[in-house]
Amino acid sequence: MKVKKAPVICGAIGAAAAANAVHAALFRPKKPEITQLPDETVNLDRYRRHLSEAIRIKTVSNRDPEKVDWTAFDAFHAFIDESYPLIREKLEKTVVPPANLVYRWKGRNPALDPIAMLAHQDVVPVTKGTERDWIHPAFEGYDDGEYIWGRGALDMKNHLVGVLEAVEALLEDGFQPERDVYLLFGDNEEVVANDKNGARDIMNYLKDRGVRLDCVLDEGGAMLPVDVKGVIKNKYLAGIGIAEKGYSDIEISVPAKGGHSSAPPKHSAVGELANVIRDLEDHQFKAAFSENMKLMFEAVARNMTFPVRLVACNIKALYPVLLQICKLIPPAACMVRTTTGVTMTQGSPAANVLPQRATVTVNFRAMPGTTTEDLVAHIKKVVHNKEVEVNVLNSKEASRFSPLDSRAFKIIERLCLAIEPNSIVAPYLVMGGTDACNYEPICENIYRYGPFRADAALMMLCHGTNERIPVSCMEDGLRFFKNFIREASAE
Ligand SMILES: [Zn+2]
């Protein structure tokens, strides 16, 4: 019997399309359990006033501790004492030198592991020459009713003051935690990969006293609006940072004879260095999606609108293509691989002198699992010139991954959804550094999330000109902190 091929093929395609449509229809977010939060006293006016005051105190960090104005940190401590009378009365305060703050709020049950709320007191300086570009001066804390302006408004005096407001409010409510609650405020987070690290000193202070933490909450993710016409509608992506990349500055030098530039060799040390740089840039680290990254993609894909979901529901099959696309876009590439950023070069000190040494400084941001040792091995492997000298200037290893099934992660997830039912809560990898990874020796469950609604453009102003926080997101932030402390400090 002869079978006509065309109808069979059409039928097969039709069946496959129908199956895919069913798959797409079922490819929806798991119905989140949305809990009602208790009615809260949330004093937004006081929070705004205190954040403005905190911004006015110039707690600016510097790689050289001699150049830090430590009196500003004293003023910041005095501001906390004056602004939060119940915290002063009920919490035990310790200053870990030079200016790190440890507050301990004793819980009822000393057998339970404490929780810790982290924040850093320091802010980055304003780049010289850009002071006048600010619409409102960087250290005025101006509140125009819509935004509070100034250095630290988003990174991260908003978070630090929010935690203090939450604790003061809980004390006013007469709340007493079951577990100890620590407030741990480092003094030099903005100095990356420093030998002298405030957060590490705090961790050692706690470790010496036998403290093990149940969980740590620090800065990192935020609640980012996502709205792409025809693709995804009116959602918020709450990225919970469960790990952070490493940071290494590595200097690579090419030695040479040097001499008078009137009789140069075919390639001077700088010419040889050019090849070193090309070798590094042409041999990028291998890119891959981590399991957590896939979870985030899937969570977003499930929330896409219907026609797009016909494609999105096949996300697993799309990963190889997605990975190739990510590699081409720098802000996406950094999420899937260890990055190689060639940032500084140096040759001879004068135009008519041949260099006796040419150096390049490369800034690597390592994926979790890649160590500084791996970076050095990579350089030695991909650079053809075997004469080069490799010198690690600064480095901070990438963090571990924190679990997704911990009590603390579930609380964060539940609170995000309770505050914004349109949230897509997903784990993610923090590209920059935070103080949080210093607590790994005494804590398994380390999360990086600032509960503030801010779009990507606003987040880009951290460390830049016109850093500011929308007043509209502060009340939810405060509600999150109050509830997080209440729930995470329970048994
Ligand atoms: Zn920060």
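The values are calculated or read from the model by the stated rules, or taken from the named source; none is laboratory data. This is a predicted model, so every value here is computed, not measured. We place every Cβ from the backbone using ideal geometry, glycine too, and count neighbours over all the protein chains shown. Ligands, DNA and RNA are stripped out before the accessible areas are found, and what is left, the full protein with its side chains, is counted by its heavy atoms. Shrake-Rupley method; radii C 1.70, N 1.55, O 1.52, S 1.80 Å.
Quick notes on this structure:
- Note on residue 473: accessible area is roughly 0 Å² with a 1.4 Å probe, heavy atoms of protein only.
- Residues of segment 331-421: accessible area per residue with a 1.4 Å probe, Å²: 50
- In the chain, the DSSP-assigned H stretches of four residues or longer account for a calculated mean residue ellipticity at 222 nm of -11500 deg cm²/dmol, using -39500 (n - 2.57) per stretch and the full residue count as denominator.
- When the solvent-accessible area of segment 404-477 is split by element, carbon and sulfur atoms take up 52 percent of it, the probe being 1.4 Å.
- C-alpha center-to-center spacing [segment 240-295, segment 94-169] in angstrom: 36
- The share of accessible area on segment 263-329 that comes from carbon and sulfur is 65 percent, using a 1.4 angstrom probe.
- Cross-link partners for residue 93 among the lysines, with Cα-Cα distance under 25 Å and sequence neighbours closer than 8 places in the same chain left out: 58, 106, 157, 196, 207, 482.
- Computed about the Cα centre, the dipole magnitude for segment 243-314 is approximately 240 debye when only Lys and Arg (+1) and Asp and Glu (-1) carry charge, each at its Cβ.
- If you sort 262, 52 by accessible surface, 1.4 Å probe, largest first, the order is 262, 52.
- Solvent-accessible area per residue in segment 166-221 equals 33 Å², computed with a 1.4 angstrom probe and all protein chains kept.
- Segment 404-475 and segment 348-376 have Cα centres spaced 33 Å apart.
- Per residue, the solvent-accessible area of segment 23-89 (1.4 Å probe, heavy atoms of protein chains only, all protein chains present) comes to 62 Å².
- Accessible surface of residue 223 - all protein chains present, 1.4 Å probe, nearest 10 Å²: 10
- Protection proxy ranking for 63-74, 167-178, using the average of other Cβ atoms within 10 Å per residue and placing the highest first: 167-178, 63-74.
- Prolate/oblate/rounded label for the chain (Cα gyration tensor, a/c 1.5): oblate
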